[in-house]
Amino acid sequence: MKEFKLRVFRYDPEKDAQQHYETYTVPYREGMTVLEALLWVFENLDGSLAFRYSCREAICGSCAMYVSGSYRLACRVQVKDALEGDTVTVSPLPHMRVIKDLVVDQTKLWENYARVKPWLINDEPPPERERRQSPADRAKYNKEIDCILCGSCFSSCPSGANNDEYLGPHALNWANRFFVDTRDTADRERLEIVASEYGVFRCHTIFNCVEACPKHLNPTEAIQNLKKAAMAYKLGLRK
Amino acid sequence: MKIKHRVAIVGGGLAGLRAAIAAYDGGVQDVAIISQLPPVRSHSVAAAGGINGSLANHPDGRDDNWEKHAFDTIKGSDYLADQDAAEVLAREAVPVIVETEHWGCPFSRNEDGTIAQRPFGGAGFPRTCYAADKTGHALLHTLYQQVVKRGIKVYTEHLVLTLAVADGRAVGAVVMDIVSGEVGTVEADALLFATGGAGKIYAHSTNNLLNTGLGMAIAYWAGVPLKDMEFIQFHPTGLWGTNILMTEGCRGEGGYLVNNQGERFMARYAPKAMELGPRDIVARSILTEILEGRGFNQGGPGGGYVHLDLRHLGEAKINERLPEVREICKNFAGIDPVYQPIPVQPSQHYTMGGISTDINGATVLKGLYAAGECACVSVHGANRLGGNSLLDTIVFGKLAGQHMARFVAEQPLQGSVDKLLEEKKAEVERRFRELFDNPGTERESALRVELQQNMFHNVGIFRQADTLEAGLAKVRELRERYRNVKVHHTGRIYNMELIRAYELRGMLDVAEAIAAGALARKESRGSHARRDYPERDDQNFLKHTLAFHTPEGVRLDYSPVTITRFQPQARKY
Ligand SMILES: Cc1cc2nc3c(=O)[nH]c(=O)nc-3n(C[C@H](O)[C@H](O)[C@H](O)COP(=O)(O)OP(=O)(O)OC[C@H]3O[C@@H](n4cnc5c(N)ncnc54)[C@H](O)[C@@H]3O)c2cc1C
Ligand code: SF4
Ligand code: FES
């Protein structure tokens, strides 16, 4: 393959009446990623293109997009793996307001994250040195902490698509991360948040988030864990 | 848009977040962070291997203490670090690391539940605390969580463009909201720059794509000197092709470096430390192997490489300690380090120099502070030890934040600076218009690539007068051609072309400071290796370089190095 077509979603609210796609012909290089292809277009053909990027190594969460029908980090997915015929199609994360081209409004993503109190809560005076934690206890949240807050799961979740007050898989993933941490003492506080009207019971275990997550996390499992605990907690209250 | 806070922190990486927390906890509730990126997307997130502190948790590290850490840091710096600063770095390490643990940082653990530590290059003991090979991610998320907890205001996707200085005091800045394109002003009793490194001035860099050094340039334009800019760290092991970092943790866990003869060639260069020599020495050793014909892909596109071999560590250890390395190799190079050696080459990695500050982060410009990779305290001198940079961000971020809290309480701004801020804003808007209306035909992206190649090849790992002169001349030529850069896209919203063109101007000025400093330093010290002056020359060059901005270009000056307890010795590993 010497070249391929990059079909890119375009929308500039300053001048476009409508969203549309624009197709560019890009020279192919073995190993080329979709982010590299976008940068090539930006640098050589069209400086008006807008997209987010930073680390180019799948750790910062900037470049989550919808690439040829799947949630992908543009910096990690290779062109050859995203081809449909001779074309790679790149769109912004679905169900989110488009600011320009591939850049979407992530305000809710951050706000909902903050709502679960995503920090370690432990009001006891800390020891002089580290709080000890066994490797086995540390392993309990080994997956959750890999989240890069890319927003793919949030964008993919049908419960969120109807209602962006729903905390969303990313926020619940972080709630579970602290919930299972042996150093955290705020189980009740967190359960009250996640068991609220906008919390875990809105999850219909559709597993879109698992499919979408580029870090191979399982937010649904985290949510199930919180659901179980929230049920027990609620039943306890009723006693 | 008019932003006004008592303390304004520019940059949401580790240094910026730690400073914001310290200022807030120091009694200034009105702290804001202004950052080009949402904080957790900052470059700090990519740090992998770990953070140094003499916790003495490792069975082989029981005799470790902060003095030994300070000594290793100073020796590693080739005696260019200020020793009082290096002592602070080492002494504060344990408390600041423990503090992040109390905040929930998910460090890997020993069986006894203490924080796990691994060996790193140039260190006498296993001193590097880690969270698998995702330490930066673990730390950055933890600090961001503390910022969210405190409700500290964050302006994300806001780019600071220039400083406003009134009567010798920094009083504010001009900022652009990237999303709307609106240009506005920031007023603050004190500002801190925590804007990160300048790696993208070089080709073959491990840095994220936004590390253009704009913060350094802005301070430099405002009259603050840049210190020791010629000291650029090349990391021994960037993944061949993309230059994504293969953390030093790979060697810390026992990985080998092997040439095309199958030899562990470090035996020739650092017989005792082997693969765990300091970075400058290992990087030069690899390049020497390649230049002398013992690399792979000799003369091929993308340059030569050697092998980083982890296979003998076994799958279990690789999965436990280096999962991200395996993931990156699979995704970006199509190889699995459990079964195949990793092709690596030295890659630009870190800016030892930066905005000159004292131990409190204060610059010579009253009201302006700096911390983290954009700053030079200096603790890394001519060569930074792996694991000391994350530490630098949180030790000196914290000290700077605390100092700012005291400073703004004692010396709040008097009177209005509105008029000055409006003038500065108009200046920026004029610059933008010049870029839009420019009749020239130069493209920002083409100039950028030329600059990066020039710096890598002429102001790179091995240096000498003629190539340095050519490198400096090229930077100056590019600066002339920059006058003809045209920005074609004139929209306001998320205009990346405009931002990149603006950044390029800063990159060119910072590049000039690097190249001029390198040409003038006629000795070899740490990362600065001159073929024409292969020895360290303490007689003439045991001093810091200071680069000042003038309308004609860079002006160099020097300042003494602080020596407290360790007299300079030859550096052997
Ligand atoms: C791949 C890699 C791995 C590393 N691993 C390690 C390691 O294991 N151990 C170690 O000690 N060190 C490591 N380092 C070095 C270390 O990660 C960095 O030096 C450190 O994280 C820098 O932190 P910082 O807070 O100074 O800057 P950054 O994290 O780069 O943050 C800079 C911030 O400033 C913002 N910004 C920049 N310019 C502007 C502007 N003009 N206006 C507004 N905002 C702006 C950015 O958006 C960002 O938020 C590594 C470096 C690399 C490249
Ligand atoms: S859970 Fe996965 S998909 Fe969701 S924000 Fe985190 S990394 Fe992205
Ligand atoms: S650019 Fe950081 S995840 Fe893709």
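The values are calculated or read from the model by the stated rules, or taken from the named source; none is laboratory data. Please read these numbers as outputs of a predicted model, since none were measured by experiment. Don't worry about glycine lacking a Cβ; one is built from the backbone with ideal geometry, like all the others, and counts go over all protein chains shown.
Given the condition away from chain A (no Cβ under 14 Å), in contact (Cβ under 8 Å) with a residue 24 or more places away in the chain and outside any helix (DSSP H, G or I), answer yes or no: does some residue in the stretch B:422-430 qualify?
Among the residues of the stretch B:422-430, not one is away from chain A (no Cβ under 14 Å), in contact (Cβ under 8 Å) with a residue 24 or more places away in the chain and outside any helix (DSSP H, G or I), which makes the answer no.
Could you count how many residues in the stretch A:116-133 are without any contact (Cβ under 8 Å) to a residue 12 or more places away in the chain and at the interface with chain B (Cβ under 9 Å from one of its Cβ atoms)?
Initially, the stretch A:116-133 is screened for residues without any contact (Cβ under 8 Å) to a residue 12 or more places away in the chain, giving A:125-130, A:132.
Filter once more, keeping what is at the interface with chain B (Cβ under 9 Å from one of its Cβ atoms): A:126-130, A:132.
Total satisfying the criteria: 6.
Right, B:LYS153: buried (at least 21 other Cβ atoms within 10 Å of the Cβ), among the charged types (D, E, K, R) and in contact (Cβ under 8 Å) with a residue 40 or more places away in the chain or not?
On the way: buried (at least 21 other Cβ atoms within 10 Å of the Cβ): no; among the charged types (D, E, K, R): yes; in contact (Cβ under 8 Å) with a residue 40 or more places away in the chain: yes.
When the stated conditions are applied, B:LYS153 does not pass them.
Looking only at the stretch A:143-163, which residues are free of Cβ contacts under 8 Å to residues at least 40 places away in the same chain and at the interface with chain B (Cβ under 8 Å from one of its Cβ atoms)? First the steps, then the outcome.
First, the residues of the stretch A:143-163 that are free of Cβ contacts under 8 Å to residues at least 40 places away in the same chain: A:145, A:162-163.
Result: A:ILE145, single match.
List the pairs whose first member sits in the stretch A:210-237 and is within 14 Å of chain B (Cβ to nearest Cβ) and over 11 Å from A:LYS143 (Cβ atoms), whose second member is aromatic (Phe, Trp, Tyr) and away from ligand 1 (no atom under 16 Å from the Cβ), and whose Cβ atoms are under 9 Å apart, counting only residues at least 6 apart or on separate chains?
Close Cβ pairs satisfying both conditions: A:PRO214/A:TYR71.
Of B:ASP532, B:ASP466, B:ASP557, which residue is more than 26 Å from B:GLN36 (Cβ to Cβ) and in a loop (DSSP other than H, G, I, E, B)?
Numbers: B:ASP466 fails: in a loop (DSSP other than H, G, I, E, B); B:ASP557 fails: in a loop (DSSP other than H, G, I, E, B).
When all the criteria are applied, what remains is B:ASP532.
Could you tell me which numbered condition B:HIS489 fails, if it satisfies all but one of (1) away from chain A (no Cβ under 12 Å); (2) closer than 27 Å to B:VAL183 by Cα; (3) free of Cβ contacts under 8 Å to residues at least 12 places away in the same chain?
If we test B:HIS489 against (1) away from chain A (no Cβ under 12 Å); (2) closer than 27 Å to B:VAL183 by Cα; (3) free of Cβ contacts under 8 Å to residues at least 12 places away in the same chain, just (1) comes out false.
Report yes if some residue within the stretch A:196-203 is modelled with pLDDT of 95 or more, away from ligand 2 (no atom under 16 Å from the Cβ) and among the hydrophobic types (A, V, I, L, M, F, W, C); otherwise report no.
no
Which pairs have Cβ atoms under 8 Å, sit 6 or more apart or on different chains, and link a residue in the stretch B:522-542 that is over 16 Å from B:ILE74 (Cα atoms) to one that is of a type in the set (Lys, Arg) and assigned to a helix (DSSP H, G or I)?
B:ALA529/B:ARG284
Which pairs turn up if I take residues in the stretch B:211-231 that are more than 14 Å from chain A (Cβ to nearest Cβ) and closer than 26 Å to B:ARG525 by Cβ and look for partners that are near ligand 1 (Cβ under 9 Å from one of its atoms) and among the hydroxyl-bearing types (Ser, Thr, Tyr) with beta carbon separation below 6 Å, at least 6 apart in sequence or on another chain?
These pairs meet every condition: B:GLY215/B:THR195.
Name the residue that is nearest to B:LEU498 (Cα to Cα), counting only residues in the stretch B:205-232 that are away from ligand 3 (no atom under 16 Å from the Cβ) and in contact with a helix residue (DSSP H, G or I) (Cβ under 6 Å, 6 or more places away or on another chain).
B:LEU214
Just for the stretch B:243-256: of the residues that are assigned to a loop (DSSP other than H, G, I, E, B) and of a type outside the set (Gly, Ala, Ser), which one is nearest to B:PHE120 (Cα to Cα)? Spell out how you get there, then give the answer.
Step one: filter the stretch B:243-256 for residues assigned to a loop (DSSP other than H, G, I, E, B), giving B:243-244, B:246-248, B:253-255.
Applying the additional criterion that residues be of a type outside the set (Gly, Ala, Ser) yields B:243-244, B:246-248, B:253.
Details: B:ASN243: 20, B:ILE244: 19, B:MET246: 13, B:THR247: 10, B:GLU248: 7, B:GLU253: 9 Å.
That would be B:GLU248.
Looking for something aliphatic (A, V, I, L, M) and either assigned to a loop (DSSP other than H, G, I, E, B) or more than 25 Å from the chain's Cα centre (by Cα) (or both) - is there at least one such residue anywhere in the stretch B:233-242? Step through it out loud before you land on a result.
The first filter runs over the stretch B:233-242 and keeps only residues aliphatic (A, V, I, L, M), leaving B:239.
From what is left, the residues that are either assigned to a loop (DSSP other than H, G, I, E, B) or more than 25 Å from the chain's Cα centre (by Cα) (or both) are none.
The answer is no, given that none of the residues of the stretch B:233-242 is aliphatic (A, V, I, L, M) and either assigned to a loop (DSSP other than H, G, I, E, B) or more than 25 Å from the chain's Cα centre (by Cα) (or both).
Can you tell me which of (1) crowded, with 21+ Cβ neighbours inside 10 Å; (2) away from chain A (no Cβ under 12 Å); (3) not in a loop (DSSP other than H, G, I, E, B) is the one B:ALA123 doesn't meet?
(3)
Are there any strands (runs of 3 or more DSSP E) wholly within the stretch A:1-115 with 3 or more residues that are more than 8 Å from chain B (Cβ to nearest Cβ) and surrounded by 17 or more Cβ atoms within 10 Å (Cβ to Cβ), and if so which? Can you show your working first?
On the way: elements: A:3-10, A:20-27, A:64-67, A:70-73, A:87-91, A:98-100.
So the answer is A:3-10, A:64-67, A:70-73, A:87-91.
From B:ALA93, B:ALA86, which residue is among the small types (Gly, Ala, Ser), within 14 Å of chain A (Cβ to nearest Cβ) and either in contact (Cβ under 8 Å) with a residue 40 or more places away in the chain or in a helix (DSSP H, G or I) (or both)? Steps first, answer last, please.
Details: B:ALA86 fails: within 14 Å of chain A (Cβ to nearest Cβ).
Exactly one of B:ALA93, B:ALA86 is among the small types (Gly, Ala, Ser), within 14 Å of chain A (Cβ to nearest Cβ) and either in contact (Cβ under 8 Å) with a residue 40 or more places away in the chain or in a helix (DSSP H, G or I) (or both), namely B:ALA93.
Across the stretch B:96-119, which residue is nearest to A:ALA136 (Cα to Cα) among those that are more than 8 Å from chain A (Cβ to nearest Cβ) and in contact with a Pro (Cβ under 9 Å, 6 or more places away or on another chain)?
B:ALA116
Any residue at all in the stretch B:47-67 that's within 16 Å of ligand 1 (Cβ to nearest atom), under 25 Å from B:VAL160 (Cα atoms) and touching a residue at least 12 places away in the same chain (Cβ under 8 Å)? Give the steps one after another, and end with the answer.
Just the residues of the stretch B:47-67 that are within 16 Å of ligand 1 (Cβ to nearest atom), to begin with: B:47-55.
Now restrict to residues that are under 25 Å from B:VAL160 (Cα atoms): B:47.
From what's left, touching a residue at least 12 places away in the same chain (Cβ under 8 Å): B:47.
Scanning the stretch B:47-67, I find at least one residue that is within 16 Å of ligand 1 (Cβ to nearest atom), under 25 Å from B:VAL160 (Cα atoms) and touching a residue at least 12 places away in the same chain (Cβ under 8 Å), so the answer is yes.
Report whether or not B:VAL40 is more than 14 Å from every other protein chain (Cβ to nearest Cβ) and at pLDDT 95 or above. Before the answer, list the steps.
Values: more than 14 Å from every other protein chain (Cβ to nearest Cβ): no; at pLDDT 95 or above: yes.
Judged against the criteria, B:VAL40 is not a match.
Anything in the stretch B:128-182 that is in contact with a Gly (Cβ under 6 Å, 6 or more places away or on another chain), assigned to a loop (DSSP other than H, G, I, E, B) and either of a type in the set (Phe, Trp, Tyr) or more than 13 Å from chain A (Cβ to nearest Cβ) (or both)? List them, or say none.
Taking the stretch B:128-182 first, the residues in contact with a Gly (Cβ under 6 Å, 6 or more places away or on another chain) are B:128-130, B:133, B:135, B:142, B:164, B:169-170, B:175.
Checking the rest, the ones that are also assigned to a loop (DSSP other than H, G, I, E, B) come to B:130, B:133.
Residue satisfying the conditions is B:TYR130 alone.
Residues are listed down the side, and each one gets a yes or a no for (1) under 24 Å from B:ALA90 (Cβ atoms); (2) surrounded by fewer than 24 Cβ atoms within 10 Å (Cβ to Cβ):
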site: B:ILE3; (1), (2): no, yes
site: B:VAL7; (1), (2): no, no
site: B:VAL10; (1), (2): no, no
site: B:LEU14; (1), (2): yes, no
site: B:ARG18; (1), (2): yes, no
site: B:GLY26; (1), (2): yes, yes
site: B:ILE33; (1), (2): no, no
site: B:SER42; (1), (2): no, no
site: B:ALA48; (1), (2): yes, no
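Please verify whether the stretch A:37-55 includes one or more residues that are within 16 Å of ligand 2 (Cβ to nearest atom), under 30 Å from A:TRP174 (Cβ atoms) and touching a strand residue (DSSP E or B) at 6+ places or on another chain (Cβ under 9 Å). Show your work before the answer.
First, the residues of the stretch A:37-55 that are within 16 Å of ligand 2 (Cβ to nearest atom): A:52-55.
Still in the running and under 30 Å from A:TRP174 (Cβ atoms): A:52-55.
Within this subset, residues satisfying the condition of being touching a strand residue (DSSP E or B) at 6+ places or on another chain (Cβ under 9 Å) are A:52.
Yes, that holds for at least one residue.
I'm trying to understand the selection: among the residues of the stretch A:137-179, which are more than 16 Å from ligand 3 (Cβ to nearest atom), within 18 Å of A:ARG115 (Cβ to Cβ) and aromatic (Phe, Trp, Tyr)?
A:TYR166, A:TRP174, A:PHE178, A:PHE179, listed by residue number.
Here are B:GLN345, B:GLN414: which of them is surrounded by fewer than 19 Cβ atoms within 10 Å (Cβ to Cβ) and among the polar types (S, T, N, Q)?
Values: B:GLN345 fails: surrounded by fewer than 19 Cβ atoms within 10 Å (Cβ to Cβ).
Only one candidate passes the filter, namely B:GLN414.
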